[in-house]
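Only one structure is covered here, and it is reproduced in the block below.
The values are calculated or read from the model by the stated rules, or taken from the named source; none is laboratory data. Bear in mind the structure is a predicted one, so any value in this text is a computation, not a measurement. Backbone-built Cβ (ideal geometry, glycine too); neighbour counts: all protein chains shown. These accessible areas exclude ligands, DNA and RNA; they are computed on the full protein's heavy atoms, side chains included. Shrake-Rupley method; radii C 1.70, N 1.55, O 1.52, S 1.80 Å.
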Amino acid sequence: MTILNRLSYLFKSKINNTLDEFENPLELLDQKIRDMECVLNDARLSSAKILGNNHEIERRIESLSKESDEYIQTIKLALNKGNEVLAKKILQRKLDNDKYFTSLKTSYNNANTKSEALKLKLRELEQNVYQTKIYRNDAFARYNAADAHKKINEIIGNISTKNNYIPLSNIEKSINKKECFVDALTELCFDNELSSEINNLTCIDLNNELKKYM
């Protein structure tokens with residue numbers, strides 16, 4: 001592998017790692033759902049047009065069937081009236097009508113079969129969108145829980161770092177040192193001892209004072 005190829009692979013690797021850091025999987029999943037919904041809406045509109053055409057053909061077939069029944073009644077009426085020529089003309093129309101009916105019926109059956117398959121695909125697509133949304137909700141909860149756990153670990157890690165750690169023994173030594181210093185200062189206060197001795201000389205003896213009242 002040449003140096004240029006290695007540099008190219010290295011550059012692509014760095015770019016991909018950077019993109020991975022900036023990518024939010026939930027945002028990508030939301031975009032996927034939006035794309036799926038757009039496809040679903042387009043498929044729904046296209047399916048509606050196809051099914052609408054089938055319904056039009058179905059109504060036309062029903063109309064042709066009624067026309068055929070009417071032709072039969074008209075033929076019978078013409079024969080009863082002794083008008084065979086008219087009966088033949090009406091019969092020809094009926095035959096043409098029946099031929100068109102048969103052709104249209106065949107087209108309708110084929111289209112109806114395709115429509116049912118299209119409905120099935122549409123239901124599968126709707127189910128995929130639904131399942132993806134359910135997964136998105138679960139992924140959202142898991143992602144937030146993992147992110148919170150990560151932040152808690154970072155906080156605990158910062159508290160436990162050596163730079164922030166203060167041994168209790170050092171604090172205890174500092175307090176003891178202060179207390180010893182205060183005790184030493186107290187021992188050196190001679191004026192206070194002299195004042196205490198003078199106070200003792202002038203102190204009233206309560207026992208002697210009590211005897212005066214006996």
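Screening Thr113, Thr74 for residues that are open to solvent by 90 Å² or more (accessible area, probe 1.4 Å), modelled with pLDDT under 95 and of a type in the set (Ser, Thr, Tyr) leaves exactly one candidate, Thr113. The combined condition, being open to solvent by less than 100 Å² (accessible area, probe 1.4 Å) and touching a Phe, Trp or Tyr at 6+ places or on another chain (Cβ under 9 Å), is fulfilled by Asn97. The condition (being part of a helix (DSSP H, G or I) and either open to solvent by 80 Å² or more (accessible area, probe 1.4 Å) or closer than 30 Å to Glu126 by Cα (or both)) is satisfied by just one residue among Leu79, Leu64: Leu79. Scanning region 57-85 for residues that are closer than 25 Å to Ala111 by Cα and among the small types (Gly, Ala, Ser) returns Ser63, Ser65, Ser68. Anything in region 102-139 that is in contact with a helix residue (DSSP H, G or I) (Cβ under 6 Å, 6 or more places away or on another chain) and under 14 Å from Arg44 (Cβ atoms)? List them, or say none. Listed by number, the residues that qualify are Ser115, Leu118, Leu122, Leu125, Val129. Scanning region 118-134 for residues that are under 8 Å from the mean Cα position of the chain (by Cα) and free of Cβ contacts under 8 Å to residues at least 24 places away in the same chain yields a single hit, Ile134. Of note, Tyr108 satisfies the criterion of being free of Cβ contacts under 8 Å to residues at least 60 places away in the same chain and open to solvent by less than 70 Å² (accessible area, probe 1.4 Å).
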